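Each remark here refers to the structure printed beneath this line.
Bear in mind these aren't lab numbers, they're just calculated from the coordinates by the rules spelled out. Just so it is clear, the structure is predicted and the values come from calculations on it, not from any experiment. Don't worry about glycine lacking a Cβ; one is built from the backbone with ideal geometry, like all the others, and counts go over all protein chains shown.
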Amino acid sequence: MIEKTNMKKLFLTTLFVLLNAQANAAIVEIYSLDLMDDQRGFCIDIRGHKSKAKIDLGLQAHTCYSYQGSIAVDQGFDSLKIDKGQFYLPAFDVCMEATSNNTQAPLLLRKCQDKKLQKFKWGKNGRIYLVSNEKLCLTVAQGKSRQGGGGSPKHLIRNLLLEFCDDTEILTQMWGVRSMP
């Protein structure tokens, strides 16, 4: 009788741990805290359209799709990987990678590896730093947005790059993360 009770407790404990792990692993979008010229906000996005996005074209800041009720696959990051310094897009099995550890560096998508240009740190101040050069922050480019191909109103696009962390550009260098219910 004791063995059966212990097995039941073990089963329930295992089930709880598995369900808790699944609940903690969420697909999230990463959005700029500065709305700029789009009230829907800007998210880190793969160039192209949702499931047809083209990973070889890299990343951009694009109107967040969450206003449509869900996180799009080309904006969906694995929350557990972010906590470990890796910005992983599971629908495409790729990670965010800087082209260099210098200013003006665009962001690409590559197979996930233990490379210094794929390691980022989310600071307590909302900035995303390149670990190999913490003077550089993920930044939404200044200037006027360009129109994308879809949405009503039209979705907007901006370049995404690494720039020196700078208090004058703080809003375009501050990021939030959200999941959908």
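Things worth noting here:
- Angle in degrees between helix 2-24 and the longest Cα principal axis of the chain, rounded to the nearest 10: 10
- Put simply, the stretch 59-106 fits an ellipsoid with semi-axes of 21, 15, 9 Å; these come from the alpha carbon gyration tensor as the roots of five times its eigenvalues, largest first.
- Cβ-to-Cβ counts within 10 Å put His49, His155 in ascending order as His49, His155, the fewest first.
- Building the convex hull from the alpha-carbon atoms of the chain and averaging its projection over directions returns 12.5 nm².
- In the structure shown, the pairs Lys54/Lys84; Lys121/Lys154; Lys54/Lys116; Lys124/Lys144; Lys54/Lys81 are assessed against 27 Å; a Cα-Cα span above that value is assigned to Lys121/Lys154; Lys124/Lys144.
- Cα-Cα pairs of the stretch 119-181 separated by more than 12 Å (percent): 71
- Scalar couplings 3J(HN,Hα) for the stretch 85-97, obtained by applying the Karplus form with A = 6.51, B = -1.76, C = 1.60 to θ = phi - 60°, are x, 10, 9, 9, 9, x, 5, 10, 6, 9, 10, 5, 9 Hz; x denotes Gly and Pro.
- Among the trypsin sites (Lys or Arg not before Pro) in the stretch 80-181, those placed in a DSSP loop whose Cβ has at most 11 other Cβ atoms within 10 Å are Lys84, Lys111, Lys124, Lys144.
- Note on Thr103 and Thr168: their simple-model spin labels are 1.0 nm apart, each label 7 Å out from Cα toward Cβ.
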